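Everything below concerns the one structure shown next.
The values are calculated or read from the model by the stated rules, or taken from the named source; none is laboratory data. It should be emphasised that the depicted structure is a prediction, and the values quoted were computed from it without experimental measurement. All Cβ positions, even for glycine, are placed from backbone atoms using ideal geometry, and neighbour counts span all protein chains on display.
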């Protein structure tokens, strides 16, 4: 039984259900939800938002979990498999407490190591819910009822606030909770940015950042002299943050586009850069890397170059050989490696 199967089982008697779906959700889980036209799906993942054929008759909202965007919708129940990042989960729980009327239901699910017990305890102690948690197999499910107590919000790290995360005078990186690795500069991306500086810049050329996060590599492209930049990410928070970062650094001819591994992008690029994730939610998803490589090959102009950085244990070379005729390792610091494909 998956967390979503269990949530659906507990929620079957409610109508007007708000389903909060994040990167843990898989389209194969959709059938178990039995969504109806009175349900609403809110997701921070572009691929989930665009999987409407799998989500039945429910309306779908792509959002950085901003409940103000669904102010007209009053759910009788909110169904949520807790997220990997604590700030995201606390953000959703805080808004759930504010949105539900007295008597409204909050259904939470997760595994023990997801922190589900702690979230339920805080929902009862601080957010004005009554109820308890029970174990079913390796999963835990809580059916909580909103009472009349005023909620005391959980710490969501000022979720909506974009903030400067570096002291580098040469660039400004704005980020926020909800973006993967939001409060640090990734070591692999640093290595890749140095390689970007060594690449020739095409006259009137276009550079594409697949999986842009808060825009670290996009700034690298800007500093290297690329005048036209496309950045894309599957995550709503990343799209917001990357837009802010590129704007803050003076970029003018750029666009930040929500897309799943770049699959909906059509514009070709002279240079593609990518630091692909291999985790999806609480799990490991090795196929993500292959999808990024495939889309990089599809989106490169003839004679173009793709630069990837991955952990040294990721067999990117094998994936790249399926799509590119040439590859070269540009850097390897024993933790990360940068590979050029052409």
Considering region 159-202 alone, what residues qualify as being closer than 14 Å to residue 222 by Cβ, touching a helix residue (DSSP H, G or I) at 6+ places or on another chain (Cβ under 8 Å) and either free of Cβ contacts under 8 Å to residues at least 60 places away in the same chain or part of a loop (DSSP other than H, G, I, E, B) (or both)? 170, 171, 172, 173, 193, 197, 199, 201
Which of the residues belonging to region 203-226 are over 15 Å from the mean Cα position of the chain (by Cα) and either in the same structural domain as residue 90 (by TED's automatic domain parsing) or part of a loop (DSSP other than H, G, I, E, B) (or both)? 203, 204, 205, 225, 226
Suppose we keep only residues that are in contact (Cβ under 8 Å) with a residue 40 or more places away in the chain and under 30 Å from residue 246 (Cα atoms) within region 115-158. Which one would you say is farthest from the chain's Cα centre (by Cα)? 155
Condition met for residue 98 (closer than 20 Å to residue 161 by Cα, touching a helix residue (DSSP H, G or I) at 6+ places or on another chain (Cβ under 7 Å) and modelled with pLDDT of 95 or more): no
What are the residue pairs meeting all of these: first residue in region 234-257, first residue on the phi > 0 side of the Ramachandran plot, second residue surrounded by fewer than 24 Cβ atoms within 10 Å (Cβ to Cβ), Cβ atoms under 9 Å, and 6 or more apart or on different chains? 250/222
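Table: residues versus (1) surrounded by 14 or more Cβ atoms within 10 Å (Cβ to Cβ); (2) closer than 30 Å to residue 265 by Cα; (3) in contact with a strand residue (DSSP E or B) (Cβ under 9 Å, 6 or more places away or on another chain).
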{"residue": "50", "(1), (2), (3)": "yes, yes, yes"}
{"residue": "72", "(1), (2), (3)": "no, no, no"}
{"residue": "82", "(1), (2), (3)": "yes, no, yes"}
{"residue": "94", "(1), (2), (3)": "yes, no, no"}
{"residue": "101", "(1), (2), (3)": "no, no, yes"}
{"residue": "109", "(1), (2), (3)": "yes, no, yes"}
{"residue": "128", "(1), (2), (3)": "yes, no, yes"}
{"residue": "143", "(1), (2), (3)": "yes, no, yes"}
Would you list the strands (runs of 3 or more DSSP E) that sit entirely within region 231-322 and hold 1 or more residues that are assigned by TED's automatic domain parsing to the domain that holds residue 45 and within 19 Å of the chain's Cα centre (by Cα)? none
Among all residue pairs at least 6 apart or on different chains, which show Cβ distances below 8 Å where the first residue, located in region 34-58, is more than 19 Å from residue 81 (Cα to Cα) and the second is assigned to a helix (DSSP H, G or I)? 56/30; 56/33
